[in-house]
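Peer 1: Supplied in structure tokens, the structure appears directly below.
The values are calculated or read from the model by the stated rules, or taken from the named source; none is laboratory data. Please read all numbers here as calculations on a predicted model, not as lab measurements. So basically every Cβ, Gly included, is an ideal-geometry build from the backbone, and we count neighbours across all protein chains shown. With ligands, DNA and RNA removed, areas are computed over all heavy atoms of the protein, side chains included. Shrake-Rupley method; radii C 1.70, N 1.55, O 1.52, S 1.80 Å.
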Amino acid sequence: MARVYNWQLGREMSYWYPENRPQKQFAAVFDTNKCIACQTCTLACKTTWTSGKGQEYMLWNNVETKPYGSYPLAYDLKLLDMLNGQQWNGHKYEGQTIFESAPAGERVLGWRPEQQDYAYPNVGEDDCAGQVDHGSFLSLPHMNWFFYLARICNHCTYPACLASCPRGSIYKRQEDGIVLVDQSRCRGYQECVRGCPYKKVFYNPMTGTSEKCIACFPKIEQGIQPQCFVNCIGKIRLAGFISKPEQARPDNPIDYLVHIKKVALPLFPQFGLEPNVYYIPPIHAPVSFNRQLFGPGAADAMKTYRNAMNDPDLSGLLCLFGSTENVVPHFRRQGDTVVGSNGKDELVRVPLREPVHIRPAVDPKNQLIRINCP
Amino acid sequence: MRYITLALLLFTAACTKAPQVVNEVVAVGSAKLPSSPADPAWNDAPVHLAKMIPQDLVEPRLMTSSTPEVRVRSLTNGSEIAFRIDWDDADQSDMPGPAKMVDACAVQIPEKIEKDLAEPQMGQAGKRVQVTYWRSDWQATVNGRGDTIRDLYPNAAVDHYPFQAKPLEKESADQKEMALRYAPARALGNIRSGPRSEPVEDLVAEGPGTLAPGPSLGSKGKGEFGKQGWSVVIIRKLPDGLAANQRTHVAFAVWQGSKQEAGARKMRTGWIPLVRRDQ
């Protein structure tokens with residue numbers, strides 16, 4: 001194994017191949033606080049990419065209710081259990097990644113879901129963490145809670161699927177860091193399914209090959225965000241490109257949220273893949289749970305997000321989510337407006353606060369009393 | 001009556017004659033190569049018992065030994081060579097699916113007959129090996145299993161496939177073209193991904209991880225699952241330069257689907273001498 005640097009762990013780690021970062025790295029930020037689990041993203045992906053034979057069970061995009069939801073079943077708990085409890089020391093991970101804890105004869109620590117594990121994509125949906133007793137009322141933080149976790153492939157910097165494939169059939173594109181399965185080379189050994197801790201590679205029994213989220217690369221190549229982003233009703237998603245921490249640009253929306261404000265965090269960074277989908281953690285869920293999912297930055301991220309109303313740059317950027325189908329490489333705030341651009345042309349302009357229109361109860365022109373019921 | 005009894009005894013003895021066991025794979029001359037493993041022509045070929053070892057050279061390795069040996073017979077008609085490979089297997093695994101592996105076997109022969117042999121495990125750079133690979137789910141397809149999800153999951157409910165919607169006509173070129181969009185491996189011509197007429201494929205390799213489609217060796221195959229396990233016939237072109245009484249080498253690999261064996265997780269033999277005896 002080679003030694004590579006994983007900034008999410010704050011240390012070097014072992015990986016199957018030497019460090020080879022792409023020229024650009026596709027990345028995304030999902031705001032869990034805005035997701036309503038309408039599954040429009042799921043359907044947008046499903047109808048675009050996985051409507052073929054053998055793809056019936058595949059959800060390259062899914063939305064699960066935490067704490068109990070998971071697809072495939074218990075994909076996260078099983079691996080956490082296999083890792084058997086690991087430690088962070090501040091922002092440095094002192095535990096073992098799935099590469100470092102690979103058993104003899106294996107490339108990564110992994111497991112392969114059974115068919116039944118794919119049979120319950122909505123298990124735990126809307127189930128909250130505990131029973132809501134008679135007489136309970138809403139308080140903050142919530143005594144019982146749940147939140148929605150939308151998931152796609154993380155297009156990791158150190159993909160476990162890629163490391164697991166003995167044939168080198170999985171590759172990471174130099175131009176955008178998107179991880180793809182070469183459908184002409186794959187022989188369906190399902191090693192990638194076993195290796196990916198997020199279980200975002202799926203075996204197609206009709207073609208005998210494994211398939212995965214492609215980050216809608218034909219759209220990314222055109223500077224347009226993927227299907228699950230532009231169809232998001234809750235406007236929770238923003239796609240772009242992320243820099244290394246030391247090269248972060250304050251006007252890059254992804255860099256700003258991940259590296260500068262540190263309000264968006266990777267999912268299960270302790271697995272060691274340096275995943276590139278970042279989550280603004282749910283502010284009503286317990287810190288301990290968020291910390292397990294999103295790492296040691298969870299408490300600070302929650303605090304930053306709670307304070308966003310007093311931070312016009314941050315709240316302005318959050319207004320850009322879902323405001324355009326274009327990938328927005330640059331943003332700036334101008335007073336009460338936030339502007340997204342490609343460096344030359346303006347792509348979108350959004351007010352920090354929508355104008356408020358008050359419709360009087362009396363229409364003097366028509367001498368009418370307006371009522372609110374139909 | 002005495003003669004009848006004697007004849008019956010002789011007939012029974014002939015039927016139960018133990019096969020000749022040899023310490024190399026001997027390809028016996030035969031005008032016609034049997035395509036079925038049940039063909040009595042195989043009784044003319046001596047059997048070689050090839051011990052198998054787990055693939056433990058490259059990750060992912062097979063850490064638990066499974067198939068202990070294969071029983072191999074061989075025949076040749078001078079232009080093709082046939083192998084019958086038998087191994088014990090308690091489970092017939094021929095349904096592919098998530099975490100469902102299928103039974104398979106392969107025959108490996110060096111591309112060239114030379115003194116300095118290629119590495120027995122998939123060859124090495126500059127020393128290519130030819131691999132003919134048989135799979136149980138392909139056999140099921142050749143035997144008539146359909147190309148729909150209900151052939152794998154009889155109770156599957158499918159709302160809609162875009163390529164089966166109007167105005168596309170059933171089986172039309174437009175419909176087939178659209179269906180390919182949702183089967184990228186087929187669209188790209190991945191030879192393992194589509195409906196097929198033979199349960200085998202011809203491959204070449206120059207080391208672990210390099211397996212790739214090779215020039216056609218005109219391979220054919222047929223596998224049957226019985227009480228004891230699989231019996232598979234693989235027929236391929238005779239190795240280049242293998243004249244009568246000459247030797248090359250052959251190696252075998254077996255995958256048991258029920259034991260999650262696929263790809264590098266397999267049982268294999270080392271190189272075994274293969275001699276052509278035309279008689």
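Peer 1: Within region A:53-70, which residues are surrounded by 18 or more Cβ atoms within 10 Å (Cβ to Cβ) and away from chain B (no Cβ under 14 Å)?
Peer 2: A:Asn61, A:Asn62, A:Val63, A:Glu64, A:Thr65, A:Lys66, A:Pro67, A:Gly69, A:Ser70
Here is a yes/no grid of residues against (1) of a type in the set (Val, Ile, Thr); (2) in the same structural domain as B:Met122 (by TED's automatic domain parsing); (3) in contact with a Phe, Trp or Tyr (Cβ under 9 Å, 6 or more places away or on another chain):
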site	(1), (2), (3)
B:Ala165	no, no, no
B:Glu171	no, no, no
B:Lys176	no, no, yes
B:Ala179	no, no, yes
B:Pro184	no, no, no
B:Leu188	no, no, no
B:Val204	yes, yes, no
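Peer 1: Please state which one of B:Ile191, B:Ile113 is surrounded by fewer than 18 Cβ atoms within 10 Å (Cβ to Cβ), more than 9 Å from every other protein chain (Cβ to nearest Cβ) and closer than 18 Å to A:Asn204 by Cβ.
Peer 2: Exactly one of B:Ile191, B:Ile113 is surrounded by fewer than 18 Cβ atoms within 10 Å (Cβ to Cβ), more than 9 Å from every other protein chain (Cβ to nearest Cβ) and closer than 18 Å to A:Asn204 by Cβ, namely B:Ile191.
Peer 1: When you scan region A:132-223 for strands (runs of 3 or more DSSP E) that lie fully inside it, which ones turn up with 3 or more residues that are closer than 17 Å to B:Pro98 by Cβ?
Peer 2: A:201-204, A:209-212
Peer 1: Go through region B:57-93 and give me each residue that's of a type in the set (Lys, Arg) and in contact with a Gly (Cβ under 8 Å, 6 or more places away or on another chain). Walk me through it before giving the result.
Peer 2: Going through region B:57-93, the residues of a type in the set (Lys, Arg) turn out to be B:61, B:71, B:73, B:84.
Passing the criteria: only B:Arg61.
Peer 1: Looking only at residues that are facing another protein chain (nearest Cβ under 9 Å) and surrounded by 17 or more Cβ atoms within 10 Å (Cβ to Cβ) in region A:71-107, which one is farthest from the chain's Cα centre (by Cα)?
Peer 2: For region A:71-107, the residue satisfying everything is A:Gly105.
Peer 1: In region B:257-279, which residue that is open to solvent by less than 10 Å² (accessible area, probe 1.4 Å) and more than 13 Å from chain A (Cβ to nearest Cβ) is farthest from the chain's Cα centre (by Cα)?
Peer 2: Top of the filtered list is B:Val275.
Peer 1: Among the residues of region A:177-230, count how many are away from chain B (no Cβ under 12 Å) and among the hydroxyl-bearing types (Ser, Thr, Tyr).
Peer 2: So the count comes out to 1.
Peer 1: Follow-up question, since we're still on this one. Restricting attention to strands (runs of 3 or more DSSP E) lying wholly within region A:1-45, give those where 2 or more residues are open to solvent by 20 Å² or more (accessible area, probe 1.4 Å).
Peer 2: Of the strands (runs of 3 or more DSSP E) lying wholly inside region A:1-45, those with at least 2 residues that are open to solvent by 20 Å² or more (accessible area, probe 1.4 Å) span A:2-6, A:11-15.
Peer 1: Starting from residues that are within 20 Å of A:Gly188 (Cα to Cα), open to solvent by 40 Å² or more (accessible area, probe 1.4 Å) and not in a helix (DSSP H, G or I), keep the ones in region B:141-186 and report whichever is farthest from the other protein chains (Cβ to nearest Cβ).
Peer 2: The qualifying residue farthest from the other protein chains (Cβ to nearest Cβ) is B:Arg145.
Peer 1: Then there's this: Which condition number does A:Gln87 fail, the rest of (1) touching a Pro at 6+ places or on another chain (Cβ under 8 Å); (2) closer than 22 Å to A:Leu265 by Cα; (3) without any contact (Cβ under 8 Å) to a residue 12 or more places away in the chain being met?
Peer 2: (1)
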